[in-house]
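J.: Can you keep this structure in mind? I'll have questions shortly.
The values are calculated or read from the model by the stated rules, or taken from the named source; none is laboratory data. Being a predicted model, the structure only gives us computed values, none of them experimental. A quick note on method: Cβ atoms are made from the backbone with ideal geometry, for glycine too, and the neighbour counts reach across all protein chains shown. For accessibility, only protein heavy atoms count, side chains too; no ligands or nucleic acids. Shrake-Rupley method; radii C 1.70, N 1.55, O 1.52, S 1.80 Å.
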Amino acid sequence: MTTELATETPAWWTRAVVYQIYPRSFADSNGDGIGDLGGIRAKLDHLAELGVDVIWLSPIYRSPQADNGYDISDYEDIDPLFGTLAEFDQLLAEVHERGMKLVMDLVVNHTSDEHPWFVESRSSRDNPKRDWYIWRDPVDAHEPNGWTSAFSGPAWSLDTTTGQYYLHLFAAKQPDLNWQNPEVRGAVFAMMNRWLDRGVDGFRMDVINFIAKTESELVGESVHPSMGAQIHDYLQEMHREVFAGRDTELITVGEMPGVTVEDAALFTGAERNELDMVFQFEHVGLDHSDAGKFDNLPFDLVALKTSLARWQTGLASSGWNSLYFGNHDQPRSVSRFGDDRRYRYESATLLATILHLHRGTPYIYQGDEIGMTNANFESIEQYKDIESLNHFAEVVGAGAEPATVLEQMAFRSRDNARTPVQWTPGPHAGFTTAEPWIHVNSNASTINVQTDRAAGDRSIFDFYRRLIGVRHELPVVALGEFALLEPEHPALYAFTRTLGGDRLLVLGNWSNERLRLPEGLADDPGTRLIGNYPEWHEAVLEPWEARVYRRSERAGAEPVA
Ligand code: TEU
Ligand code: CA
């Protein structure tokens, strides 16, 4: 892509909104209690009415499901839990018929230990696939280094057949592929090409910054892996081998825990041919303590604004942001950042407004469009997630009080985002006719799609629909320059977006108290474009009130919502 093209015709995904589906929790069509492709097909009109442009599916490939599909044993097939390839083709056609795109999850930092590649690799030291994974000799009868798995315990497991350790940054059932081996890269690129040939519209790439390991760290003192220098080469090679010539219609987003804004500018710079955008983790790590993600710190709005504003500025002239407050690994955003009881409608819609009015491509996680909340699980038996279960076993085994650990998990566990989507007030929330694989949230009789969509001017779904419409309609929402206002204010989230003569003023009261606007902040703001209170007072924001004003020098600047 040339510079002129990049500035004259902004990529389509600058105006797009992505919706993430976690298939096993979305909708069940065959009564086995697990969401599937049939369930997704049955709900496509829900997504079309919402107005999203792209659907990202968390993994649906064949998998032993040790990490709910992020452990793949066959990249070329659909897991029978979810359906068949023929059904996938049908789904893809139906998504395209509705003018939407479909993005697959690409999990190639690791495979399942049941993938034939690994089965071969572990069979002997001289197997041709031995070097497809990362094998090292014991050091002093121990692991080659001190890396730990994201799911507790060491990141190395000893394979007794050959007496060597293999690396797994996640579970022992998720061995890391060796990207230094050109055969591995070639096999992955060929597989990606086959999915694109089948018609998929891009990839969300799981922990893609982890594929390049620093060789000197693999055996040595190091405690945490750092991003290997070859990462940019690998992504550029991927672009050449997979995307070149067809990238303008596609979307690529790399999930990158620990990525800095400086790295992200390189990964997403238009002329570098790496990725369209990355998922960064800074803002979702602000409430983790140094002791780890289950040690919850109080939420700090000033820190959040500062962080997000740095990313806005850092990627303003080159690169692009992805925007998210929740996904299948994070707690529910309205429970984490808002007030999921007294002000659930107001805080859910405020969070949506703030997120969608930033510059970048917004991602909606399933259920957020109706303000779904954390799971409210009280016993360990209710949890299914490997990270949560391993964490509980590890710290309780080391003497922690189970009640305290459960309290932390009720706030932080990934299962908070993985309870079934609540479609109706009926049995099992309309998700399934059978016993669901994980408990439905006990609030499903009041929080569900059917009830929300009948709620008139208090429908969260309808608010999201209008927000998406505004992005589609106004170039200033997609492209306008971002400027943070009142950075030190503890409750007010305020910023402007400016494009030529068009200016948006975004105001949000991130608190349960009424807030008087600072003097001069909203002088001559223009007309209200969208807001979550039916009536408003210019100088005041009600609890969790969000308001967007538009002032345009051009003719026809009518409010659209
Ligand atoms: O997650 C990567 C990741 O680093 C974390 O978000 C992870 O979920 C965990 O919370 C670490 O504490 C990706 C996927 O999104 C996640 O679902 C997978 O479990 C993981 O990779 C392994 O494939
Ligand atoms: Ca099913």
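J.: Would you call Val95 open to solvent by less than 50 Å² (accessible area, probe 1.4 Å) and part of a loop (DSSP other than H, G, I, E, B)? Walk me through how you get there before you give the answer.
T.: Working: open to solvent by less than 50 Å² (accessible area, probe 1.4 Å): yes; part of a loop (DSSP other than H, G, I, E, B): no.
Judged against the criteria, Val95 is not a match.
J.: Look through region 244-297, keep the residues that are aliphatic (A, V, I, L, M) and part of a helix (DSSP H, G or I), and return whichever of them is nearest to ligand 2 (Cβ to nearest atom).
T.: Going through the qualifying residues, I end up with Ala264.
J.: Now, a different point. With the structure loaded, tell me whether Ser152 is among the small types (Gly, Ala, Ser), open to solvent by less than 30 Å² (accessible area, probe 1.4 Å), away from ligand 2 (no atom under 16 Å from the Cβ) and in a loop (DSSP other than H, G, I, E, B) or whether it fails that test. Explain how you work it out, then say what you get.
T.: Working: among the small types (Gly, Ala, Ser): yes; open to solvent by less than 30 Å² (accessible area, probe 1.4 Å): no; away from ligand 2 (no atom under 16 Å from the Cβ): yes; in a loop (DSSP other than H, G, I, E, B): yes.
When the stated conditions are applied, Ser152 does not pass them.
J.: Tally the residues that are away from ligand 1 (no atom under 16 Å from the Cβ) and of a type outside the set (Phe, Trp, Tyr), restricting the search to region 369-389.
T.: Result for region 369-389: 11.
J.: Looking at region 155-166 only, could you name the residues that are touching a Leu at 6+ places or on another chain (Cβ under 7 Å) and not in a loop (DSSP other than H, G, I, E, B)?
T.: Residues satisfying the conditions are Trp156, Tyr165.
J.: Suppose we filter Met100, Met104 for residues that are closer than 26 Å to Ala42 by Cβ and within 16 Å of ligand 1 (Cβ to nearest atom); which single one remains?
T.: Answer to the selection: Met104.
J.: Scan region 407-441 for residues that are assigned to a helix (DSSP H, G or I) and either over 22 Å from Ile380 (Cα atoms) or open to solvent by less than 10 Å² (accessible area, probe 1.4 Å) (or both) and report the count.
T.: Count: 8.
J.: Quick check on region 284-294: of everything there that is within 13 Å of ligand 1 (Cβ to nearest atom) and within 17 Å of the chain's Cα centre (by Cα), which residue is surrounded by the fewest Cβ atoms within 10 Å (Cβ to Cβ)?
T.: Gly285
J.: Applying the selection to region 330-360, what residues are within 16 Å of ligand 1 (Cβ to nearest atom) and either free of Cβ contacts under 8 Å to residues at least 40 places away in the same chain or surrounded by fewer than 20 Cβ atoms within 10 Å (Cβ to Cβ) (or both)?
T.: Narrowing region 330-360 to residues within 16 Å of ligand 1 (Cβ to nearest atom): 330-333, 336.
Across region 330-360, the qualifying residues are Gln330, Ser333.
J.: Would region 43-59 turn up any residue that is free of Cβ contacts under 8 Å to residues at least 60 places away in the same chain, within 12 Å of ligand 2 (Cβ to nearest atom) and either surrounded by fewer than 24 Cβ atoms within 10 Å (Cβ to Cβ) or not basic (Lys, Arg) (or both)?
T.: no
J.: If you scan region 61-92, which residues turn out to be open to solvent by less than 10 Å² (accessible area, probe 1.4 Å) and either without any contact (Cβ under 8 Å) to a residue 12 or more places away in the chain or small (Gly, Ala, Ser) (or both)?
T.: Selection gives Gly69 alone.
Each row is one residue, and each column tells you yes or no for (1) outside the structural domain of Gly292 (by TED's automatic domain parsing); (2) within 16 Å of ligand 2 (Cβ to nearest atom).
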site	(1), (2)
Gln382	yes, no
Thr404	yes, no
Trp423	no, yes
Gly426	no, no
Thr432	no, yes
Glu435	no, yes
Asn443	no, no
Thr451	no, no
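J.: Here's a follow-up. Given (1) closer than 25 Å to Val17 by Cβ; (2) within 16 Å of ligand 1 (Cβ to nearest atom); (3) open to solvent by 50 Å² or more (accessible area, probe 1.4 Å), where does Thr260 come up short, assuming only one miss?
T.: Condition (1) is where Thr260 drops out.
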